[in-house]
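Notes follow the structure.
The values are calculated or read from the model by the stated rules, or taken from the named source; none is laboratory data. In this text the structure is predicted, and so the values were computed from the model without any measurement. Here the Cβ positions follow ideal geometry from the backbone for every residue, glycine too, while neighbour counts run over all protein chains shown.
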Amino acid sequence: MRVYNFSAGPAVLPEEVLKEAADEMLDYNGTGMSVMEMSHRSKAYDEIIKTAEKDIRDLMNIPDNYKVLFLQGGASQQFAAVPMNLMKNKKAAYIITGQWAKKAYQEAQIYGEAVAVASSADKTFSYIPDCSDLDIPDDADYVYICENNTIYGTKFKNLPNTKGHILVADVSSCFLSEPVDVTKYGVIYGGVQKNVGPAGVVIAIIREDLITDDVLPCTPTMLKWKTQSDNDSLYNTPPCYGIYICGKVFKWIKKMGGLEAMKAHNEKKAKILYDFLDSSKLFKGTVAPEDRSLMNVPFVTGNEELDAKFVKEAKAAGFENLKGHRSVGGMRASIYNAMPIEGVEKLVAFMKKFEEENS
Ligand SMILES: *Cc1c(COP(=O)(O)O)cnc(C)c1O
């Protein structure tokens, strides 16, 4: 039996995709072998990775002057790769909206001067700071954001005013959840294990002029975007199987109607949960309403023992991974693209019942 999996990541994938992968496990498309067993230089694999790239380009409407790279090392590896590839003046502006942004900021300090130009740490990252008129150093090489804050459940509804600087965004937990205007960014990247595929793959969408040989001297060959770009993500053996699953998820999203349809589906799901939180006498959302994420929904009862009881009873009822991140406590429901609407409806029904029994 499959459970409703509210994990923040690795997270739920479309059942259809998993079934298709199972069907192809022993013999992919008449090759007589699994995708896990084939050469990354084979004709069959070449088609898998090229089709995946084409499909994500279609979905996100990625302009020709952007490269799509399939990389390894998790989103965290890009915390270093970003400054290594972009810090020509050894200075960058970071907006600190949670732990992932903070980790990226700390990593960048190894390579140059990372300046925190805004932060929401004063209220436990429960909101997105006003980024319309920040004091960004003129010589900053880029402005960095974590667009959806997985742990705290906030999302940038408006991109910061970068005052002409390049925008770099970690979109790990909002990847392909709604349409984006790629032209507003210099670099968009994300680990795929939140919304797109199995852990281990990072997709980076990078404007071509930012991919150069002019990188910090300490940059390892593997972390130089130019190495990966010149080799169409096949400089070394890529995470072949993970990319194959991502490709299937792209096809699934296309079939569902693309990113506009995903957005409508995600808004509908999030509304069910937020409306309940706003009306509940027991449960409360923890985020400023205007900054609420469609993907990660943290909530509390205000009583730690009751929180623990809820998580335990929810698990027994088939709702898994509702415990909040260890740094914030409470609960968090991650309702990524592949979470069906019934999952959220049933969760809310369960929460109502729990509220009646415990008040
Ligand atoms: C999960 C997550 C990361 C870390 O991803 P890894 O692939 O484990 O390195 C980074 N940023 C955000 C926004 C995340 O949600």
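Values for this structure:
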item: Unmet requirement for A80, which otherwise passes all of (1) out of contact with any Lys or Arg (no Cβ under 9 Å at 6 or more places or on another chain); (2) within 15 Å of the ligand (Cβ to nearest atom); (3) without any contact (Cβ under 8 Å) to a residue 40 or more places away in the chain; result: (3)
item: Tally, over the stretch 83-113, of residues that are of a type in the set (K, R) and within 11 Å of the ligand (Cβ to nearest atom); result: 2
item: Failed condition for S229, given (1) small (G, A, S); (2) within 16 Å of the ligand (Cβ to nearest atom); (3) assigned to a helix (DSSP H, G or I); result: (2)
item: Whichever residue in the stretch 198-209 is on the phi < 0 side of the Ramachandran plot and of a type in the set (G, A, S) and, among such residues, is nearest to the ligand (Cβ to nearest atom); result: A199
item: Criterion violated by K353 - all others in (1) in a loop (DSSP other than H, G, I, E, B); (2) over 30 Å from L259 (Cα atoms) satisfied; result: (1)
item: Among (1) over 17 Å from G112 (Cα atoms); (2) within 16 Å of the ligand (Cβ to nearest atom) - the single one A44 does not satisfy; result: (2)
item: Options A169, A121, A101; residue that is under 23 Å from V287 (Cβ atoms) and surrounded by fewer than 22 Cβ atoms within 10 Å (Cβ to Cβ); result: A121
item: Filter pass, N161 being under 29 Å from C246 (Cα atoms) and more than 16 Å from the ligand (Cβ to nearest atom); result: no
item: The stretch 322-350: number of residues that are exposed (fewer than 14 other Cβ atoms within 10 Å of the Cβ) and part of a loop (DSSP other than H, G, I, E, B); result: 2
item: Leading residue by the ranking (nearest to C218 (Cα to Cα)) among those in the stretch 107-129 that are free of Cβ contacts under 8 Å to residues at least 24 places away in the same chain and assigned to a helix (DSSP H, G or I); result: D122
item: Count of the stretch 286-303 residues which are of a type in the set (G, A, S) and surrounded by fewer than 20 Cβ atoms within 10 Å (Cβ to Cβ); result: 2
item: Subset of the stretch 232-250 (residues that are touching a strand residue (DSSP E or B) at 6+ places or on another chain (Cβ under 9 Å) and either under 23 Å from P83 (Cβ atoms) or within 16 Å of the ligand (Cβ to nearest atom) (or both)); result: S233, P238, P239, G242, I243, C246
item: Checklist (1) within 22 Å of Q99 (Cα to Cα); (2) within 15 Å of the ligand (Cβ to nearest atom) applied to F70, failing item; result: (1)
item: Which listed residue is surrounded by 16 or more Cβ atoms within 10 Å (Cβ to Cβ), of a type in the set (D, E, K, R) and modelled with pLDDT of 95 or more, from R57, R41; result: R57
item: Qualifying residue in the stretch 306-321 (condition: under 30 Å from V35 (Cα atoms), touching a residue at least 12 places away in the same chain (Cβ under 8 Å) and buried (at least 23 other Cβ atoms within 10 Å of the Cβ)); result: no
item: Test: residue in the stretch 168-182 that is farther than 20 Å from L294 by Cα and hydroxyl-bearing (S, T, Y); result: no
item: Residues of the stretch 29-41 classified as under 17 Å from Y235 (Cβ atoms) and over 26 Å from the mean Cα position of the chain (by Cα), total; result: 2
item: Every pair of residues 6+ apart whose Cβ atoms lie under 9 Å, when the first sits in the stretch 164-193 and is more than 8 Å from the ligand (Cβ to nearest atom) and assigned to a strand (DSSP E or B) while the second is among the acidic types (D, E) and at pLDDT 95 or above; result: A169/E147; I188/E147; I188/D170; Y189/D170
item: Verdict on G9 being within 16 Å of the ligand (Cβ to nearest atom), under 23 Å from the mean Cα position of the chain (by Cα) and closer than 15 Å to I243 by Cα; result: no
item: Qualifying residues in the stretch 130-163 (those that are assigned to a loop (DSSP other than H, G, I, E, B) and in contact with a Leu (Cβ under 6 Å, 6 or more places away or on another chain)) - the one nearest to G190 (Cα to Cα); result: Y142
item: Flag if E24 is within 16 Å of the ligand (Cβ to nearest atom) and among the acidic types (D, E); result: no
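Residue-by-condition table, conditions (1) of a type in the set (A, V, I, L, M, F, W, C); (2) under 17 Å from the mean Cα position of the chain (by Cα):
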position: W100; (1), (2): yes, yes
position: A108; (1), (2): yes, no
position: P129; (1), (2): no, no
position: S132; (1), (2): no, no
position: D135; (1), (2): no, no
position: D141; (1), (2): no, no
position: G153; (1), (2): no, yes
position: L176; (1), (2): yes, yes
position: P179; (1), (2): no, yes
